[in-house]
């Protein structure tokens, strides 16, 4: 039992890997999607992700209440959270404080550690320091949230160019 934490850059293959793990699990699959279709480009991304999922998979679209969505997933199902990046963005946009977001992350990660699944997120801390305060706050909060989930994960993987690199605890 436990979840796999998958991080990496945009279009690095994170969701594809998560879906492969779901197909290979042999269990029913519940996808918790955190994206909202606020514009046509995001609506198209959501449509493409939906097409990749088998029709038998359950999908819960939940941009804010991740813990409740995980708790609502049927016992024994393989849970895919896709993705923490948009969840953190949604929480910041809704006015939640950094400390509140970290506390929510801790509770959700603990709940997920009792289940089988995959958590997908982006690694946004490898580039230059963002020029504006909101972007820096987002980068910092997502980095902290990613650390929380990685610390609760059974395994952590970094996706680069469609290849998974195992991240070891030191």
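The values are calculated or read from the model by the stated rules, or taken from the named source; none is laboratory data. Please read these numbers as outputs of a predicted model, since none were measured by experiment. All Cβ positions, even for glycine, are placed from backbone atoms using ideal geometry, and neighbour counts span all protein chains on display.
For this structure, a couple of remarks:
- Residue list for the stretch 1-16, filter: more than 18 Å from residue 146 (Cα to Cα) and either at pLDDT 95 or above or assigned to a helix (DSSP H, G or I) (or both): 16
- Once the stretch 149-170 is narrowed to residues that are in a helix (DSSP H, G or I) and touching a helix residue (DSSP H, G or I) at 6+ places or on another chain (Cβ under 6 Å), the residue that is surrounded by the most Cβ atoms within 10 Å (Cβ to Cβ) is 149.
- Qualifying residue in the stretch 138-148 (condition: touching a residue at least 12 places away in the same chain (Cβ under 8 Å), in a loop (DSSP other than H, G, I, E, B) and either surrounded by 13 or more Cβ atoms within 10 Å (Cβ to Cβ) or at negative phi (or both)): no
- Within the set 119, 129, the sole residue that is assigned to a loop (DSSP other than H, G, I, E, B) and either in contact with a helix residue (DSSP H, G or I) (Cβ under 8 Å, 6 or more places away or on another chain) or within 25 Å of residue 58 (Cα to Cα) (or both) turns out to be 129.
- Pick from the stretch 17-39, criterion exposed (fewer than 12 other Cβ atoms within 10 Å of the Cβ) and either modelled with pLDDT under 85 or within 22 Å of residue 123 (Cα to Cα) (or both), ranking: nearest to the chain's Cα centre (by Cα): 38
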